[in-house]
1. Looking at the structure I just gave you, is Arg58 farther than 23 Å from Arg115 by Cα, within 14 Å of ligand 1 (Cβ to nearest atom) and surrounded by fewer than 20 Cβ atoms within 10 Å (Cβ to Cβ)?
2. Please find, among Gly37, Gly75, the residue that is out of contact with any helix residue (DSSP H, G or I) (no Cβ under 7 Å at 6 or more places or on another chain) and either under 16 Å from Ala113 (Cα atoms) or not basic (Lys, Arg) (or both).
3. Go through (1) within 11 Å of the chain's Cα centre (by Cα); (2) more than 7 Å from ligand 1 (Cβ to nearest atom); (3) surrounded by fewer than 22 Cβ atoms within 10 Å (Cβ to Cβ) one by one and return the number of the condition Arg21 breaks.
4. With the condition kept exactly as written, say whether any residue in the range 84-91 is at pLDDT 95 or above, in contact with a helix residue (DSSP H, G or I) (Cβ under 8 Å, 6 or more places away or on another chain) and among the aromatic types (Phe, Trp, Tyr).
5. Could you check, for the range 114-128, whether at least one of its residues is within 15 Å of ligand 2 (Cβ to nearest atom), in a strand (DSSP E or B) and either at pLDDT 85 or above or loosely packed, with under 15 Cβ neighbours inside 10 Å (or both)?
Amino acid sequence: MTETLIETETGSAEETVALGRTLAGQFHPPCLVLLEGELGSGKTTLAKGIVAGLGAAREEDVTSPSFTLVHEYAGREKVYHLDLYRIEGARDIATLGLDDLLEDQATVIIEWADRLGRRLPGPHVRIRLEHRDGDRRRITVERDRG
Ligand SMILES: Nc1ncnc2c1ncn2[C@@H]1O[C@H](COP(=O)(O)OP(=O)(O)OP(=O)(O)O)[C@@H](O)[C@H]1O
Ligand SMILES: [Mg+2]
């Protein structure tokens, strides 16, 4: 069952970070957060707000995990931040060990989650980001109870 939590537009990166901080208050680990949207749509920017809002790291310490595949942040809460942009296929996805990460009572944030295809482990939050004019982004947040 899918439920839309938020449909909104932000007008700057700062507003998107602020939205991430607000959303973090609604996430209760273990929690899987899927970020979808084209290059530069603001996935990492939103992740900064989520990670900071969870008290896992400072906003400025959250960077794109595109080369290392996964960043781990541990503070008040634990967060794994993944980027699947360079992932090659189903076999690579299996090696991510998503279930193990979630078992760690963590929030798992995945950029380019569309790469996961239909193989989704249980309940998750799906966030879609789309370019609008200039710095505007349309952001839709859905919860799927799995
Ligand atoms: N409303 C907005 N929300 C988010 N980012 C914005 C917004 N307006 C402008 N930006 C800018 O757009 C860029 C978004 O980059 P970001 O790395 O967050 O995107 P991404 O979706 O993670 O890209 P990639 O697909 O390369 O991982 C940043 O330079 C940010 O400052
Ligand atoms: Mg990114």
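1. no
2. Going through Gly37, Gly75 in turn, the sole match is Gly75.
3. (1)
4. Pass one, the range 84-91, residues at pLDDT 95 or above: none.
No - not one qualifying residue is present in the range 84-91.
5. The answer is yes; a qualifying residue exists.
The values are calculated or read from the model by the stated rules, or taken from the named source; none is laboratory data. The structure presented is a predicted model; accordingly, all values stated were derived computationally and were not measured. With ideal geometry, Cβ positions are generated from the backbone for all residues, glycine too; neighbour counts draw on all protein chains shown.
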